[in-house]
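Values in this text are rule-based calculations from the coordinates and carry no lab data. Nothing here was measured: the structure is a model prediction, and the numbers come from that model. Here Cβ is always computed from backbone atoms with ideal geometry, including for glycine, and neighbour counts include all displayed protein chains.
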Amino acid sequence: MTLIPEFQAHRVFVEPWTTELGSHGLMALVTFLVGVTCGLIGNFLILRRMALVGDAISHSVLPGIAVAFLITGSRGIGAMVLGAMVAAWLTHGLIELISRHSRLKQDAAIGIAFSTLFAIGVVLIAIFADKVDLDQDCVLNGELPMIPLEPPVRLGGWVLGPPPLLRLVGVLVVSLVLLVTFYKELLITSFDPGLAACLGIRVGAIHHGLMLWLAMVVVASFEAVGAILVIALLILPGATASLLTDRMVPRLAWTTVHAALSAISGMHLSVALDCSPAGATVVAGAGWFCVVWLLSPTEGLIPRAWCLRRGSVDSRLRSPELRQRNESP
Amino acid sequence: MSAAPLGDSTQPFGRRTGSGQRLMGMGLRWAVLFTSAFTAQAAKIGDLTQTRWTEQAWRFVTLSDPVVRYACLGTLLLGISCGLLGSFLVVRRMALLGDALSHAVLPGVALGFLWNLEKDPLAIFIGALLAGLAGSATVSILTRTTRLKEDTALGMVLASFFGLGLCLMSMFQRLPTGNKSGIETFLFGQAAALGPGDIQVMGAVTLVVVGLLGLGYKEFLLVSFDPGFARVLALPTVWFERLLVMLLAFAVVSALQAVGVVLVSAMLIIPAATASLLTDRFHRMLVWSSCLGMISGLSGAFLSFLGTRLPTGPFMVLSASLLFALALLFSPRQGIVPRWYRQRSQRVRIERENTLKAIYQVLESDGFASETITVAALTARRRLALAAVEAEIRSLVAVEFATASGDRVALTPSGWQRACAIVRNHRLWELYLTHAAQIAPDHVHDDAEKIEHVLGEAMVRELERRLPRIDTDPHGRPIPSLPASMAGAHLGAGGAGDRPVGYGGRS
């Protein structure tokens, strides 16, 4: 067996959409759903410079999930979400406690809080390995390949799909509802907390709500892509979109496009290389980010370098002598 | 893949020993102490599944077998290098760079494995180092050329490199040798899988880190605390920062095998953060931090050795977090509990002094005609509830500043002296503000109300010297001097009462 399997165009590009639609197509759909759900909230995290709080929470939901497993003995979504939310709350509280009551700054507080909780989670899983239906591998890699194997839910003769898919759809719907309902508040508190407070928006409540929303999104995605790759799907789509446009609504639209592109190309990549689908999705997402980084009309490296070399129209318009000439006809 | 028992890795262990001996030949001979262990076929932790934890603990404590010795030595070295470099990260507020760097090395680890399809410590070290440096370079390029903020750039690099690493690892595990190589231990760490080659790499890294930091200590300190001043002195700050990132990558990479990719950053941050709670001086922080790193490393190795298939990294991190929690709560100067206690005792003292002052003022209002005052008068003066005033009187009686009989209160000599001192502090300060700072007399009371409790003796003497006359305050009331007999009795200096003696309100 070689490291890189022989490239077969038919197997890589056609089969996932025909014979393998039930497995590879489904996996692409799941990663797309994860990407959109994470990307929507990720945009706000990036704006608030809380990308690494997202990182922290995606690590620290682990002990919450593990404890929920140990208590209920099942993988009920309710217990998992509850456990993860408690853990997210705890992380947030620990970060606040450490950064407020000691001389340590927020970065160190984040690092301490999430690594401690993550370590507790890994230890719980390692000690109760036979009781917890999770292993250390799943924590990192997710169980994307397992999802198509789960028995689908049926409702009155309709095959709806495997339970994780339905959960993700549910979380996406909830996220969209939250986004539409609180769009104005989220936008104002992200850009100008002072103004938001003046307008009577409860900045603290929105912040805590965002944390809980993040916990819910992370739990639902955790199962599919694992703890660490969630952070990629939280940040990459939003970061890519932020290089393409300045407006929030187009940014959310680009986020969706990025999620779809990385889900599909990631799936093909994982088929071609026969590697971890979650990892391949992240690599594809990072690849699309690099493409945008190079080529984006306003922010891209190549257009900017080109403009600098030619002396861009924009900079010439702004040059002092031109302005003087225009003012004195 | 985590299901692959560690016992499986006994087979490649022989090969690993071979590569270790090659490395020995390369001149890193400082681990000669352990050469005898090279020939002994080391028992892996997986062979020990049937033993009880007490026996395991005994084996660990007596250092009877080479696995334990390697694990201990490795975790000690790791504690030193991570503790030293982590201190720089914590004081420079770059803690999360450590996190990003430690995740970003994963593709390098995988490529190192691919180099010759076995666990060659040197190949892994070089691969991981390159990946780590590429990761930190990407972060700095991203923040310079795009509008993305540093946290976003760190998160992106961390997760994308990690994703790439997972892809490579999953490809690698399809190979026939892949499952037996022990690459999984890099994710969560397994100190018991450390071999002589690893120890040599770790030892060399620790030497380099300690040596370079020792040589350039002054420069590193300056660049970390005051980069502007360092630039003024024409130090190449950029190069020192690059060197620091390089050393950081060294430390992260050498610690991988024992702690695991995911939690290395915690071993960088937590001991250093704990140390920063214990001391204010940077060189002491370095020492504390490496000691704490070693302690948590050893206890993590010990705990994970007790069970089977327990990863080392999380236990190390938990030990470090426990130490951190203790320091956060009980550190003498920074700890939450001592600080809370100090604040509380200060609050009690200020309340007590305010009551003494109120008693003085009540006595003053009838021209010191009687020795005692009524509780009702005191309550009116303090503007507090009766129960609160009674509680304060009880606390004064408890420290023998006052005596209470029925509804009347009298000051003891020491209480009288303290009351005089407080009122004197207050009025001197009012006088100083109106006299020296030209503040209107009706604006000085609030300020004096706060400062009367913290004026030290030296400050009071300075005020006495600077003010031309100190008999009445701006509101026309006399400034008490300490009664001669009492001042003599309490300050122990004969004749001290001839001139006004002030002293601070500290209890």
For this session: For region B:263-373, build the convex hull from the C-alpha positions and give me its volume per residue in Å³.
Result: 135
For this session: Report, as an integer, the average count of C-beta atoms from other chains found within 10 Å of each Cβ along A:233-242.
Result: 4
Problem set entry | Rounded tilt (10° steps) of A:227-242 against the dominant C-alpha axis of chain A | 20
Exercise. Assigning unit charges at the beta carbon (Lys, Arg +1; Asp, Glu -1) and nothing else, what dipole magnitude in debye, to the nearest 20, does region A:9-296 show about its Cα centre?
Worked result: 800
Seminar exercise, completed: Charge dipole of chain A built from unit charges on the beta carbon (Lys, Arg +1; Asp, Glu -1), centred at mean Cα; most positive-end Cα among A:ILE127, A:HIS24, A:ALA260 is A:ALA260
For this session: Please go through region B:228-286 and write out the chymotrypsin sites (Phe, Trp or Tyr not before Pro) that DSSP classes as loop and that have at most 14 other C-beta atoms within 10 Å.
Result: none
For this session: Please determine, in degrees from 0 to 90 and to the nearest 10, the orientation of helix A:51-72 with respect to the longest principal axis defined by the Cα atoms of chain A, where the helix direction is its Cα long axis.
Result: 10
Problem set entry | Residue exposure sequence - B:SER370, B:SER395 - by fewest surrounding Cβ within 10 Å | B:SER370, B:SER395
